[in-house]
Structure formats: structure tokens, C-alpha cells
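Inspection log for the structure reproduced underneath, given as C-alpha cells.
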Amino acid sequence: MNNILIVDCIKENIDTVYEIDKTSSNYNWTRNMFTEEFENKNSFFKVLFADDKIAGYIIYHIVLDEAEILNIVIDNNFKRQSLGKYLLEQTLNEISKQNVKTVFLEVGEKNIPAINLYLKFGFEQYNIRNNYYKNGENAILMKKICQL
Ligand SMILES: CC(C)(COP(=O)(O)OP(=O)(O)OC[C@H]1O[C@@H](n2cnc3c(N)ncnc32)[C@H](O)[C@@H]1OP(=O)(O)O)[C@@H](O)C(=O)NCCC(=O)NCCS
């Protein structure tokens, strides 16, 4: 893959993002949730293009010196090609330029691909929320302290 680009989501991208979420994640969002994030001024909503196709997206918030990653998804057709790693790495670089001290996220305890990805970037578990997801799965709460 040659042409990889991360850009702000525009309104016209939301349908594609919603489709990717439906097919490629087990923690599906409603279309309304995407629209709300698109309109939320604390929300950063980025899409990753690979060879001119939307291959994934990430949504995160920054409030003062804390950031929270709400979701990161790579389309099934593009999984395991290091795109998730690239998207998270670039996001953490952007976040660290904005005076953020701690990045938080929640991940399903059975979601091994995502947990492995986060561990790779130095996220650590600090708590568990029981029965957090609709399917009864527990959520692992993770955080990463940003380097000064
Ligand atoms: C998590 C996710 C974004 C990873 O994207 P990806 O582009 O396939 O991942 P990468 O190819 O960049 O892999 C990065 C690392 O993630 C881990 N990983 C990815 N897929 C994995 C799998 N199937 N099994 C185990 N570990 C996996 C590995 O540590 C991998 O590093 P490695 O390539 O050195 O082994 C992707 O699996 C996804 O979209 N999952 C569904 C959505 C989701 O659950 N998101 C998290 C919400 S909290």
C-alpha cells in the first residue's frame, strides 16, 4: 500500500464509516452516535485512506490535559496490514503535541487484537468495569501517561 493518509472526517464520509463499523467491529455504534461525534467540538474524528479508499477511522476527545480514545476501527479488508498501528501512532503523536498528560480508553476484555495493539503502545490496565457492554462483556480500562 503506497498512499496512506489520515484526514478529518467530512460529512460525506459518515455513511462509509458507519458501514465499516457495522462490518468490522463487534461494538457497533448507531449512525446517530457518529453524527454526534462529528458535531462535538471536543471530538477529533479522523479517517484513514489507503489507496484512495477509507480503510478505517479513529475518534478521540481532548479535554484540558486528558484525552480519551472512543473508537478505532480498521475495515476487515485492511486488517493486519499495520494500519491500526499507524493510525494509533499518528494519533498519539498529535495528542502529545496538545499538552495532554493522560490518554484513557475502554476495551472489551475479549478483544485480543485491540488489547494487544494498546499494550504495544504502552497502555496499562487500571480498572475493570463489569458487564459494561451489551453482550455482558467486561470492559478493561486502560491509560497511558504521555511523556513530557
Ligand atoms: C484493533 C484493530 C484496530 C487493529 O487494526 P489492524 O490494522 O488489524 O492492526 P495492525 O495490523 O496494525 O496490528 C497492530 C497490532 O495489533 C495486534 N493485533 C492486531 N490484530 C490482531 C489479531 N487478530 N490477533 C492478535 N493481535 C492482533 C498485534 O499486536 C499487532 O502487532 P503485530 O502486527 O506486531 O503483531 C482492528 O483489529 C479492529 O478494527 N478491530 C475491531 C474494532 C475494535 O474492536 N476496535 C477497538 C475498540 S476499543
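I'd like the distance separating the alpha-carbon centroids of segment 100-116 and segment 1-40, in whole Å. The two parts, judged by their Cα centres, are 19 Å apart.
Put a plus charge on the Cβ of each Lys and Arg, a minus charge on the Cβ of each Asp and Glu, and nothing anywhere else: the dipole of the chain about its Cα centre is then about 380 debye. Tell me which of ASN40, TRP29, THR102 sits at the most positive position along the dipole axis of segment 4-145, charges placed on C-beta atoms (Lys, Arg +1; Asp, Glu -1). Checked the options; the winner is THR102.
Calculated mean residue ellipticity at 222 nm for the chain: -8500 deg cm²/dmol, from DSSP H runs with n ≥ 4 weighted as -39500 (n - 2.57), summed, divided by the residue count and rounded to 500.
Computed from backbone phi, the HN-Hα couplings of segment 26-41 come to 9, 10, 5, 9, 7, 5, 4, 4, 5, 5, 4, 5, 4, 9, 6, 6 Hz, rounded to whole numbers (Karplus: 6.51 cos²θ - 1.76 cosθ + 1.60, θ = phi - 60°; Gly and Pro given as x). Which is farthest toward the positive dipole end of the chain among ILE112, ASN71, TYR132, measuring Cα position about the Cα centre, with Cβ charges +1 (Lys, Arg) and -1 (Asp, Glu)? Result: ILE112. Note on LYS11: lysines with a C-alpha under 17 Å away, same-chain residues under 8 apart excluded, are LYS41, LYS46, LYS53. A 1.4 Å probe, protein heavy atoms only, puts the accessible area of MET33 near 70 Å². Computed over protein heavy atoms with a 1.4 Å probe, the carbon and sulfur contribution to the accessible area of segment 4-145 reaches 46%. Each of LEU83, PHE123, GLY56 was scored by the projection of its Cα onto the charge dipole of the chain, and the greatest displacement toward the positive side belongs to PHE123; charges sit on the C-beta of Lys, Arg, Asp and Glu. Beta bridges from DSSP with both residues in the chain: antiparallel share about 90 percent, rounded to the nearest 5.
Taking every lysine pair in segment 84-148 that is 8 or more places apart or spans two chains, those with Cα atoms closer than 16 Å amount to 8.
The values are calculated or read from the model by the stated rules, or taken from the named source; none is laboratory data. Quick caveat, the model's predicted, so the values are computed rather than measured. In this analysis, Cβ positions are derived from the backbone assuming ideal geometry, glycine residues included, and neighbour counts consider all displayed protein chains. For the accessible areas, the whole protein counts, side chains as well, though only heavy atoms, and no ligand, DNA or RNA atoms are used. Shrake-Rupley method; radii C 1.70, N 1.55, O 1.52, S 1.80 Å.
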